[in-house]
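Everything below concerns the one structure shown next.
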Ligand code: DGL
């Protein structure tokens, strides 16, 4: 099985690591576009253009599935890509609003994601479908992807964001950008005893199994 994984940067490595664990014998090829990180502050048009250019090697080698391990590219480009390459299977990643809705006790959640994801139509649709009765806090994380990519993340800033969200009553924190998977342990520690932290790495493996009918 050949899996292609794309992210603007190191978020894809976090997802690929989880996929390697689930599918040890799969050939997993990761591509990224570090020259253009962050995608999350770019226009939809630009994200489509860059994503399309970056995934060409994965299309050329006929990946069984291309995983857009990037919430931003999924939000802005997956529909365009599915139209453009109708015979290619794609899996995208989106903020886990549905799971958060099933976990929250006090109906307050926080979604940490890029500005492009949070302002996308797909995200608005997710919220309408699964989060209509929730209070959703969307903290300003717009520097996080760039800083994580460049190893410049300020832990005090992350602490402040997580503390604020918890003070406002969030009991579930959704990591809606794959770059943030690299700081999951930190966020878990910061939110300990107050909020559950979720991200979709495991769910992606299940989705691959479903799509390729492996079980
Ligand atoms: N890792 C990407 C995501 O999941 C975004 C990073 C970026 O802004 O480039 O949204």
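Among residues of the range 149-164 that are surrounded by 13 or more Cβ atoms within 10 Å (Cβ to Cβ), those with a beta-carbon under 6 Å from a residue that is not in a helix (DSSP H, G or I) at least six positions away or on a different chain give the pairs 149/9; 149/10; 149/37; 161/139. Within the range 188-200, if we keep just the residues that are surrounded by 21 or more Cβ atoms within 10 Å (Cβ to Cβ) and touching a residue at least 60 places away in the same chain (Cβ under 8 Å), the residue that is nearest to residue 63 (Cα to Cα) turns out to be 200.
Among the residues of the range 30-45, those that are surrounded by fewer than 19 Cβ atoms within 10 Å (Cβ to Cβ) and under 18 Å from the mean Cα position of the chain (by Cα) comprise 31, 34, 36, 41, 43, 44.
Counting the residues of the range 12-43 that are in a helix (DSSP H, G or I) and either more than 15 Å from the ligand (Cβ to nearest atom) or farther than 12 Å from residue 146 by Cβ (or both) gives 12.
Selection of the range 50-82 for residues being within 14 Å of the ligand (Cβ to nearest atom) and in a helix (DSSP H, G or I) yields 50, 51, 54, 71, 72, 73, 74, 75, 76, 77, 78. State yes or no: is residue 118 within 15 Å of the ligand (Cβ to nearest atom), under 27 Å from residue 17 (Cα atoms) and surrounded by fewer than 22 Cβ atoms within 10 Å (Cβ to Cβ)? No, not satisfied. Within the range 83-105, the set of residues being assigned to a helix (DSSP H, G or I) and within 30 Å of residue 173 (Cβ to Cβ) comprises 97, 98, 99, 100, 101, 102, 103.
Of everything in the range 170-182 that is touching a strand residue (DSSP E or B) at 6+ places or on another chain (Cβ under 8 Å) and over 15 Å from residue 136 (Cβ atoms), the residue that is nearest to the ligand (Cβ to nearest atom) is 177.
Taken together, the values in this text are just the output of simple stated rules run on the coordinates, not laboratory data. Nothing here was measured: the structure is a model prediction, and the numbers come from that model. Methodologically, a virtual Cβ is constructed for each residue, glycine included, from the backbone with ideal geometry; neighbour enumeration extends over all protein chains shown.
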